[in-house]
1. Quick one: Cα convex hull volume of segment 165-257, Å³ per residue?
2. Tell me, what is the per residue accessible area of the chain in Å², probe radius 1.4 Å?
3. May I ask you to derive the FRET efficiency for Leu362 and Glu194 from their Cβ-Cβ distance with R0 = 30 Å, giving the value to the nearest 0.05?
4. With Cβ to Cβ distances under 14 Å as the rule, what net charge do the other residues near Met285 carry (K, R +1; D, E -1)?
5. Contour minus end-to-end for Ala274 and Ala249, with contour as 0.36 nm per residue of separation and end-to-end as the Cα-Cα distance?
6. Just for the Cα atoms in the chain, what are the lengths along the principal axes, largest first, rounded to whole Å?
7. Please report, as a whole percent, how much of the solvent-accessible surface of segment 285-344 comes from carbon and sulfur atoms (probe radius 1.4 Å).
8. Pick out, from Gly235, Val282, Gly215, the residue whose Cα sits farthest towards the positive end of the charge dipole of segment 206-343, with +1 on the Cβ of Lys and Arg and -1 on the Cβ of Asp and Glu.
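The values are calculated or read from the model by the stated rules, or taken from the named source; none is laboratory data. Predicted model, so just to flag it, every value in this text is computed and none were measured. Positions of Cβ are generated from backbone atoms using ideal geometry, with glycine treated the same way; all protein chains shown enter the neighbour counts. We work out accessible area using only protein heavy atoms, side chains counted, and drop any ligands, DNA or RNA first. Shrake-Rupley method; radii C 1.70, N 1.55, O 1.52, S 1.80 Å.
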Amino acid sequence: MAAVISALIGIVALACALVLAVLPPGGGTVPRVCSAGGSLLAGSLAEKCWIEADGARLGMVLLANNAESPVLLVCGGGPGIPEYLLEYLYPSALSDEFIVCYFDWRGTGLSYDSKISREAQTAGRFVADVLAVAQYLQKRFSQERIFISGHSFGSYIALKAVQSHPEHFCAYLAQSQICSQRESERRAYDWMKEQYVQAEDARTAERFSKYAPRGSDAQFETWFFSPLRDAAMHGLGVGTARGMRSPIAGIFFPSLKCRAYTVRERLNIWKGKAAARQFPAVTEMLRFDAFSEVPRVDVPVYFFVGRHDFTCCSTLQEAYYERLDAPEKRLFLFGESAHSPIYEEPERARTYIRELLHAVRLRS
């Protein structure tokens, strides 16, 4: 009996050790910005905060080397994966130049609420939330207009916000812009299947035959949410990041160790991600056609495009850039990046951001 008890204690101890290794306790504080020598930067900013907006508590992370910088509101991808996680995994140059607001969509991340009506989370709802956060930032930092960035799904919402309310924004930074996701998925499907054919991986190539992205809306959405799409994109280096081969190893497990979030907040990230699949905003994004619906915006637009991006096909982004009418526009191409160029090539992004800031200042 003593041997059995000892073995059970050992198993429990091992299980606890594994849980603590994967999901360490504590946390909840955003790391302060430090100089190269390790001392805290005077005037820097690193915090989580929440605002009340139309019955919801919307959460965000604020990060800046200098709290006197211009404000950048970042509308992240997914919806569901906080954009701050990309900053945590792939530190960018954004907080060197801006007060960055990493805003989590209603019902996800820091804005997670188990009681939320999933059916009410439309694109219009999210645009209204973006405007509420923008107005909070304008007031808090005494800035008449702010910069806004959209990444992937967030670029769909940010573009609509810029189109409908340009008076809040001095420029739009489009990272992996959603243009026509149906067409993007068709191009990605064809390219990825051909890669596996050329690699003589008949088993994987055959799996593509089970899907019909050119079929009905239901068939298209089955492909979009399929595990094959995600696995193939990351396996071929055209997904979240060029070097990320698995979102489980590359995002899920690291997120559970991110001490900027409490344990509960880390778990809520993935509860929100699961819930977001049922948000109407996702279906609306899949049917969105920027070419016809947003032919013009009234603020400068700067595209950040990863050459190897097939999550939002880079050639489609370039085509939309050529068609879009804006007071000023530039396209910055990142030759070594996939879907997250600002985070994958931070020094190149820093150069481009300083160029666009200079251009915006000249226009002011």
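1. Numbers: hull volume 14.5 nm³, N = 93.
About 156 Å³ per residue, rounded to a whole number.
2. Values: 15860 Å² over 364 residues.
In whole numbers, the chain has 44 Å² accessible per residue.
3. 0.10
4. Numbers: positive: Arg125, Lys160, Arg182, Arg277, Arg287; negative: Glu183, Glu185, Asp217, Glu221, Glu284, Asp289, Glu293.
After counting each charged neighbour, the total is -2.
5. Details: separation 25, 0.36 × 25 = 9.00 nm, distance 1.77 nm.
Here the segment from Ala274 to Ala249 would lengthen by 7.2 nm.
6. Taking the Cα atoms of the chain, the three principal extents are 80, 55, 43 Å.
7. Details: 960 of 2100 Å².
So the carbon and sulfur contribution to the accessible surface is 46 percent.
8. Projecting each Cα onto the dipole axis, the largest value belongs to Gly235.
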